[in-house]
Every structure is written in C-alpha cells, then in structure tokens.
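The values are calculated or read from the model by the stated rules, or taken from the named source; none is laboratory data. Please read all numbers here as calculations on a predicted model, not as lab measurements. Neighbour counts are summed over all protein chains in view; Cβ atoms, including those assigned to glycine, are modelled from backbone coordinates with ideal geometry.
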Amino acid sequence: MEYKITTKNEEETIEIAQNIESEKFPNMVICLRGDLGTGKTVFTKGIAQALGISEVITSPTFNIIKEYDGELPLYHMDVYRLDGKVDDLGLDEYYKKGGIVVIEWADMIEDYLPEERLDISIKAVDEDVRVLKITPHGEKYEEICEAVL
Ligand SMILES: Nc1ncnc2c1ncn2[C@@H]1O[C@H](COP(=O)(O)OP(=O)(O)OP(=O)(O)O)[C@@H](O)[C@H]1O
Ligand SMILES: [Mg+2]
C-alpha cells in the first residue's frame with residue numbers, strides 16, 4: 001500500500017503531518033526521505049504541532065537528536081552527518097520510549113530502522129509543489145493510514 005499526496009505549499013505539508021494524528025500513537029516511528037530542502041523539517045513541524053509543541057523546530061543536524069516536550073515527547077533526528085556511526089546512539093531505546101520518533105534522512109541508516117514504521121519520501125516538483133509518498137510498514141501503520149489519509 002502506498003499513498004501519494006501532492007502539496008502546493010508549506011502549510012499543506014504541515015496539514016498532512018497533522019492529519020496523521022501522531023498524538024494518539026505513542027512509539028510511532030516516522031522515517032523521512034528526500035533531497036535537501038524538500039520539506040522534511042517542515043513535515044516535522046506539523047508533527048510537533050499535532051503534539052502541542054510550541055517550541056520552534058529546527059533541523060538537529062549538529063546534535064543528531066533533539067527532544068521536545070509535548071502531549072507525547074518528540075524525538076527529532078537528522079542523521080545526515082552520521083556516516084553510518086549509529087551504534088552508540090542507542091536508537092532502539094528511542095523506538096520504545098513512548099514518544100514519537102521522526103528521522104530525517106532515514107535512508108542513511110536503513111539497517112537501523114525498525115521493521116514497523118511509516119516511510120515518507122518527499123520529492124520537489126518545483127519551488128512550491130511537493131509529492132509525498134507515504135508507505136506504512138506493519139499492520140498498525142496500515143490501519144493508521146487507512147483511517148486518516
Ligand atoms: N509544498 C511544500 N512543502 C514543504 N515545504 C515547501 C513546500 N513548498 C516550498 N517549501 C519550502 O521548502 C523548504 C523545505 O525546507 P526543509 O528545511 O523542511 O527541508 P529539509 O528536507 O528538511 O532539508 P534538509 O535536508 O536540509 O534538512 C522550506 O523553505 C519550505 O518553505
Ligand atoms: Mg531538515
């Protein structure tokens with residue numbers, strides 16, 4: 001199963017992220033893929049809004065993982081600079097901490113992703129248009145997508 005959604009501006013991408021209702025699904029893992037500047041951090045902002053986080057979301061490129069307090073905690077990761085050095089990050093711990101995990105550049109750490117997860121790849125069509133391809137892995141994520149998308 002795969003959902004394709006086209007957004008025409010940043011706000012529409014944020015809206016799609018909010019529609020996923022991550023606030024209802026502790027331990028949700030969302031894996032974002034897409035070139036530089038396609039909207040992975042914008043999408044994460046939508047997740048943060050759904051969680052009632054008012055803090056500004058910035059790309060955690062230099063710290064790899066940023067934590068935000070919300071209705072559920074948000075663990076925002078950007079693994080672009082990791083170079084495969086993932087072992088000491090303790091990623092598995094984050095997957096079951098009861099929060100929401102969002103990973104930018106998830107394709108960089110393919111072997112460390114949980115089997116059950118929501119994959120979202122973003123492609124830029126032009127300056128403002130993006131195509132989001134949303135692929136649920138596992139029954140739980142399939143049900144979530146069926147219900148909200
Ligand atoms: N439809 C759209 N959806 C999302 N962002 C859009 C859209 N149209 C234009 N944009 C712009 O694209 C940019 C996306 O930036 P963002 O930081 O989210 O990208 P990113 O994928 O996280 O990049 P990086 O790989 O550097 O972390 C923003 O400036 C945003 O305003
Ligand atoms: Mg980013």
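Here is how the numbers come out for the structure above:
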{"quantity": "Exclusive hit being touching a residue at least 24 places away in the same chain (Cβ under 8 Å) and either surrounded by 15 or more Cβ atoms within 10 Å (Cβ to Cβ) or out of contact with any Gly (no Cβ under 6 Å at 6 or more places or on another chain) (or both), set Val56, Val42", "calculated": "Val42"}
{"quantity": "Of all residues in the stretch 74-88 being within 13 Å of ligand 1 (Cβ to nearest atom) and farther than 18 Å from Gly99 by Cβ, the one that is surrounded by the fewest Cβ atoms within 10 Å (Cβ to Cβ)", "calculated": "Arg81"}
{"quantity": "Any hit, the stretch 124-136, residues being among the aliphatic types (A, V, I, L, M), modelled with pLDDT of 95 or more and part of a loop (DSSP other than H, G, I, E, B)", "calculated": "yes"}
{"quantity": "Residue that is more than 13 Å from ligand 1 (Cβ to nearest atom) and either out of contact with any Phe, Trp or Tyr (no Cβ under 9 Å at 6 or more places or on another chain) or under 19 Å from Val148 (Cα atoms) (or both), where the choices are Glu12, Glu55, Glu71, Glu67", "calculated": "Glu71"}
{"quantity": "Matching option when the condition is farther than 19 Å from Thr135 by Cα and within 16 Å of ligand 2 (Cβ to nearest atom), among Ile57, Ile30, Ile47", "calculated": "Ile57"}
{"quantity": "Criterion (at negative phi, buried (at least 20 other Cβ atoms within 10 Å of the Cβ) and at pLDDT 95 or above) met by exactly one of Leu32, Leu36", "calculated": "Leu32"}
{"quantity": "Index of the failed condition, Glu23 passing every other in (1) under 19 Å from Lys140 (Cβ atoms); (2) of a type in the set (Asp, Glu); (3) within 16 Å of ligand 2 (Cβ to nearest atom)", "calculated": "(3)"}
{"quantity": "Residue count for the stretch 26-46, restricted to those that are of a type outside the set (Ser, Thr, Tyr) and either within 10 Å of the chain's Cα centre (by Cα) or in a helix (DSSP H, G or I) (or both)", "calculated": "11"}
